[in-house]
Each structure stands twice: as C-alpha cells, then as structure tokens.
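Here the structure is laid out as structure tokens; the discussion comes afterwards.
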Protein chains: 2
Amino acid sequence: MIIDTHCHYTTEPAALHTFRDKQLAGMADPARKPAPLDVPDDVVKKSVEPQLALQRERGIDLAIFSPRASGMAHHVGPEAVSREWTTIANNLIHRVCTLWSENFVGVGQLPQSPGVAPSNCIPELERIVNELGFVGVNLNPDPTGGRWTDPPLTDRYWYPLYEKLCELDVPATIHVSSSCNRNFHHTGAHYINADTTAFMQLIQGDLFADFPTLRFIIPHGGGAVPFHWGRYRGLCLSLKKRELLEHVMHNVFFDTCVYHLPGIELLAKVVPVDNILFATEMLGAVPGIDPETGQYFDDTRRYIDAVGFLTAEDRHKIFETNARRVFPRLAARVGAHA
Amino acid sequence: MIIDTHCHYTTEPAALHTFRDKQLAGMADPARKPAPLDVPDDVVKKSVEPQLALQRERGIDLAIFSPRASGMAHHVGPEAVSREWTTIANNLIHRVCTLWSENFVGVGQLPQSPGVAPSNCIPELERIVNELGFVGVNLNPDPTGGRWTDPPLTDRYWYPLYEKLCELDVPATIHVSSSCNRNFHHTGAHYINADTTAFMQLIQGDLFADFPTLRFIIPHGGGAVPFHWGRYRGLCLSLKKRELLEHVMHNVFFDTCVYHLPGIELLAKVVPVDNILFATEMLGAVPGIDPETGQYFDDTRRYIDAVGFLTAEDRHKIFETNARRVFPRLAARVGAHA
C-alpha cells in the first residue's frame, strides 16, 4: 500500500470560495453574510477527480487529505470567523473522505487565531477525530500569517492542545498558511521557513520530555534541516542537549515533499528511514513538468524509487508502515497492515 | 590560494563590548555614553590569533573578514546609534586587516535602521570601499531583527544602494543579524530563513534585469535552496520567469557554510560550480567537534576535499577563482591570480 501523507484539497468547488468571499464581506457588511454552504454530492465527488487520476497514474493508494493550507488563513478575521471557516473546511474534507472512502482519509485544520490560546481548538479537534474519523491535524506554528508574534511551539501556551493530541493519539503536521507579509512568498519562503523555525524551536526546548508520545510531522522534507543536518547537530550539542536523534527524532517526522532526486537522496541519507513519510503535497504547491526530466516536479514517488541505496524494506517503511505508526488511527479506516 | 569568503570577527577585544554597553546605556542616560574606543595595536593583533591558528591548521590563506553578524543589531536603537556603532565596527575590521594585511581583507556592515531608506548607507559604503579598502559589504535584508516589516530586496526602496554597489563594483552578502523575535533562533532559524527568503524574493522579482552587474552572495549554502532546488525551479517556471539558472544565477552565489559532507555534496551537485564560494563562517557560528567524525563541524574544507566528483579545476574555482570574480577588488589587496 502506498500512502501519500500530505495532500491538500486545492480543487474545491467554486461554492466554497464564494462562501468565503461572502463570509469575509460579512465582516464589513452583515447583509452580505453567506447562506449555509450547500454543495451536492456529485459536485464534491467530481471535484477530486483530477487528484484521483494522478493517484492512479502514480500508483498511490491513499491520500491523507486536508483543507488547502493557504486557505486556512488564521490571521484573517477574528476567532469567530476562523471557527466558522474551519468547521466548513473540515466538513467538506469529511464529505470527500466519505464519498471516496477508499481513497481519502481526513486531516483537519484548527480554528486558530492570532493571540488566542490554542486551547480554543480542543472542541474542534475532538469533533474531527471522534465524530469525523480524522487521523491527524494541521497545526499552524504562526497563526499571524508571517508576523510571528505568537509564542514558539515549545511555550506552555500550546500545552493544553498537546495534551489533547496525546490523549487522542493523533499527530500534528506543522504547517503555516498564507502569508500577509510581503517578504515571504507562501510556498517558496513562508512554508519552508516555518519548517526550519519549528525544528530549531524543538532543539532549543525540551518539549518531548514533557510529551514523550507527541508526534509532529514537519513537512516539505523538514524545510532546510536535512541540508543543514551538521549545523543542527552542532547547535544541539552546543546548547547542551543530547545528540539530535535522541533529543527530537523520536517524535519528529519529515515528509518527502522535495521535488528533485538529489534532495530526496540527501533526505534519505541523513535522516533515519524510520522518520521519513511519503508525500507529494498534491495538487499544485509546485505545479508543472520539469523540463529536464519530462515528469511532474511533484511526482515524488519516482525520486524515492530511484534512490539506489534504499532497500525494499526501507521503501515499505517510507510508503506505508511509518505512516501507520505515526497515524495509528489509519488502521480503523483502511484496515490493519496486511 | 584558498580564500575563506565568510568570516566574522567574533573574538573582538572586551573593550568593544564595553563600548557597546555604554553606547546603549547612553540612550537611557547620556551620562553613561562611552569615551572613544581606544584599543592598542597589540590587543587587536592578539585578538585574532585563534582565527589565524585555525586558518593555518586548515590551510586557508586569506579570510574575507567582517564584523560579528549578530553584533550588527540594526534593530537596536535609532539610526544615529546604528551609524556610530557601524563606524566603530568597520574601523576595527580595518585595523585587523592592516595589522594582518596578508591574512585578512575587510567586508563591512552598513548603518541600516528599520524604516530608514537604505540610501542612508551610501556614505559609509563609499568610505569603507574607497578609504578602508574593503572588498564587499554585508547587507541585512531584515534590519528589524526578525519582524520583517521593511520592504523586500526587490523593492525600489533598495535601488539607490544597488546603484552604488554596481558603481563601486563590490558584492553584497545578504546576512541578517540577531533576532529580537523569540520564534527565531539567530543562527539556527533566522539566518537560514533569511537566505531562503531573499532567494525567493529574487525569483519573484526581476532585479537583475535592472542591475545586470549586481552580485549577491547568499551565505550558509543558500539556506534551504539547494535542498529544494526542484521546488525553486518549479516555482520560477510557474511564475513565468526563465529557467532558474538564467533568471537569477548569473548574479547569485552560495557559500559552503554547510557543516556535513552530504550537504556539501548536494550543493556541489545541484548548484553550478561557478556559483559556489568557499567559506567557513569562523569562528563559532556552529562551534565544536562532530563526535561522528572527530573534526570541527565548521572545517568545511574537509568536506569539499572529500567530494569525489569535483575535479581539481572545480576545487580551484570554489577555493579561489570564483571569489576573485565576485570580489574583483581582492586583486588590489592580494595581487592578481598567479
């Protein structure tokens, strides 16, 4: 089985965007507030066909599927707006995962809001896991959208949410949203910077001493971390922590959203294979075909298949068994490992 | 000849730190303002002996030497404080480069200040190049110290400074300073994020169409860029720019401050060898000895020597001739290439 652990719903029905426009317009003029979102099953079903076609083409069996990352936009509007929008976005993911139950499993967004304690997210986290059957959640380490004025991930500010993640036994993927800072292109700078920033925060802190079962996925190959593995090992030691592997890598996993073979080779060379999860970030984070290879940049399965030093057992871990370990609730959705 | 293009003066005389304390204390109480800095030649000379010893040990002939990067702290105090501090810091670099003229060549900091037009830096830039013989300058893409509220590097806000850099034919190393944002560890997140951010800004813009001779060094191996080379190539194309190499790599150079062999291998594999400059970031950005190799993390020459696919000609470019091309004023200081 091949499990793509990082996919976003970027082919949403037009009605969702219309809803969002009206929701935000309603902040200025309550008369423009939207009616409840009403999308027929066939429209939801059809909307993910491009994704399904690519999955079939690439031999991917299952997508761990969450709302468009840039769409979360926790910095837009007050908490009540974030909460309404989050509920809508998660419910739509749930419908995809119900209509295409063999192909999609849900991961949710949270109703985060700048300056609002993350404990505000606990009811929605419980709902998506217990009622909607989601297996994980995207956690935005910078709900300000590129201003970075909220506390780091190791601050006790976040602890109530971590307690609930541990209790529910679901991992969090550390994933920012769109950027309202013109210095940071969202997919080209903000996403990668956030990955790097989060990892360094984990090095500086001792979060996993307090939460030994907490699991974080740092997407996009872990940002800059594998390329600077020596820097992070050195900084970890100079901060008088244990070796990097001992200090954070029992709890942190990187995905394979790295869009060229030499990058994937580096990832597989420096990061233990047990810490690597197959993912593509489909659809569209980095669209298009690489003129050098004639293949899609985001067809990351090709790169993994091409890494000569990986064994069949290594690939099996990357494609399936690591995901089952990090997302234990997957078993209830797609059956136990054969 | 082996030229280390990225070294900072991190073994400054204690008197410099005392001066800085008094300078900042003087903002609150003018009675505490410092007397002019007065450090005897032998103290300046002795202060860089640890650096010289490591250079000798590693077979490095020349260091391109600039003030401590985290010490620039452009976000601390108003512009007049930044200006006074910058003058002091640059003058001290000049003294090192005069007392040890065979071993050190100067690169300066600029009197940047948040919200102040970069054209304010032109007089100091002219002074350090024309009067002190410096061959380049460190340009802080975020003088706010991690708040990122000034315009991106492609904004016309920066153009007067770029005009002067081109006129003087000196490159700028894009280098942030310390972080006043608790989310960003300075050497572990802020530096690397700034490198990645600057590169993505250059992809989004068309700066080198306006300044075809402008040269930027993006240090620390280019941040996350080589690891995500496919992402940046894909984003460049999806933004309807030319291929990445054509769009920015005539004007952008990465250094080798990457502290493990697999990282250096990746850098040399994906980035053209003409765009790579040898550097160590000595002393102290990532201190200590790697317990796996028994060698210093920042002994980057070892990694370059160990990359099997580099030819002698490639290494000669990385160690010397690329630096001479990027810093043409080096020739006046250390003679033409043999």
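Report yes if residue B:101 is polar (S, T, N, Q), open to solvent by 10 Å² or more (accessible area, probe 1.4 Å) and not in a helix (DSSP H, G or I), otherwise no. The answer is yes for residue B:101. Per the listing A:286, A:252, the residue uniquely touching a residue at least 40 places away in the same chain (Cβ under 8 Å), of a type in the set (A, V, I, L, M) and closer than 30 Å to residue B:289 by Cβ is A:252. Looking across the stretch A:155-185, just one residue is touching a Ser or Thr at 6+ places or on another chain (Cβ under 8 Å) and of a type in the set (D, E, K, R), and that is A:169.
State all residues of the stretch A:40-53 that are over 15 Å from residue A:16 (Cβ atoms) and open to solvent by less than 10 Å² (accessible area, probe 1.4 Å); if no residue qualifies, say none. Correct list: A:51, A:52. Per the listing B:133, B:145, the residue uniquely surrounded by fewer than 23 Cβ atoms within 10 Å (Cβ to Cβ), in a loop (DSSP other than H, G, I, E, B) and in contact (Cβ under 8 Å) with a residue 12 or more places away in the chain is B:133. In the set B:209, B:172, B:189, B:224, only one residue is more than 9 Å from every other protein chain (Cβ to nearest Cβ) and open to solvent by less than 40 Å² (accessible area, probe 1.4 Å); that residue is B:172.
Residues in the stretch B:148-169 that are assigned to a loop (DSSP other than H, G, I, E, B) and within 13 Å of chain A (Cβ to nearest Cβ) were compared, and the one that is surrounded by the most Cβ atoms within 10 Å (Cβ to Cβ) is B:148.
Applying the criterion of being under 21 Å from the mean Cα position of the chain (by Cα) and among the hydroxyl-bearing types (Ser, Thr, Tyr) to the residues of the stretch A:301-328, the residue that is farthest from residue A:275 (Cα to Cα) is A:303.
Evaluating residue B:56 against the criteria (1) closer than 28 Å to residue B:296 by Cα; (2) charged (D, E, K, R); (3) buried (at least 17 other Cβ atoms within 10 Å of the Cβ) leaves one unmet condition, (3). Scanning the stretch A:257-281 for residues that are open to solvent by less than 10 Å² (accessible area, probe 1.4 Å), more than 12 Å from residue A:302 (Cα to Cα) and within 7 Å of chain B (Cβ to nearest Cβ) turns up A:263, A:266. Tallying residues that are open to solvent by less than 10 Å² (accessible area, probe 1.4 Å) and at pLDDT below 95 within the stretch B:282-300 yields 2. Residue B:198: buried (at least 22 other Cβ atoms within 10 Å of the Cβ) and either β-branched (Val, Ile, Thr) or within 26 Å of residue A:238 (Cα to Cα) (or both), yes or no? Spelling it out, it is not the case that residue B:198 is buried (at least 22 other Cβ atoms within 10 Å of the Cβ) and either β-branched (Val, Ile, Thr) or within 26 Å of residue A:238 (Cα to Cα) (or both).
Can you pull out the residues in the stretch A:124-147 that are at positive phi and within 14 Å of another protein chain (Cβ to nearest Cβ)? The answer is A:145, A:146. Given the criteria at the interface with another protein chain (Cβ under 8 Å from one of its Cβ atoms), assigned to a loop (DSSP other than H, G, I, E, B), more than 15 Å from the chain's Cα centre (by Cα) and charged (D, E, K, R), does residue A:182 qualify? When the stated conditions are applied, residue A:182 passes them.
Which of the residues belonging to the stretch B:297-338 are in a loop (DSSP other than H, G, I, E, B) and of a type in the set (Lys, Arg)? If the condition is that a residue be in a loop (DSSP other than H, G, I, E, B) and of a type in the set (Lys, Arg), then B:329 is the only one that fits.
State yes or no: is residue A:321 β-branched (Val, Ile, Thr) and open to solvent by less than 60 Å² (accessible area, probe 1.4 Å)?
yes
Restricting the stretch A:235-254 to residues that are at the interface with chain B (Cβ under 7 Å from one of its Cβ atoms) and touching a helix residue (DSSP H, G or I) at 6+ places or on another chain (Cβ under 9 Å), the residue that is least open to solvent (accessible area, probe 1.4 Å) is A:235.
The values are calculated or read from the model by the stated rules, or taken from the named source; none is laboratory data. What you see is a predicted model; the values in this text were computed from it and never measured. Positions of Cβ are backbone-derived with ideal geometry, glycine not excepted, and every protein chain shown enters the neighbour counts. Only protein heavy atoms, including side chains, enter the accessible area calculation; ligands, DNA and RNA are left aside. Shrake-Rupley method; radii C 1.70, N 1.55, O 1.52, S 1.80 Å.
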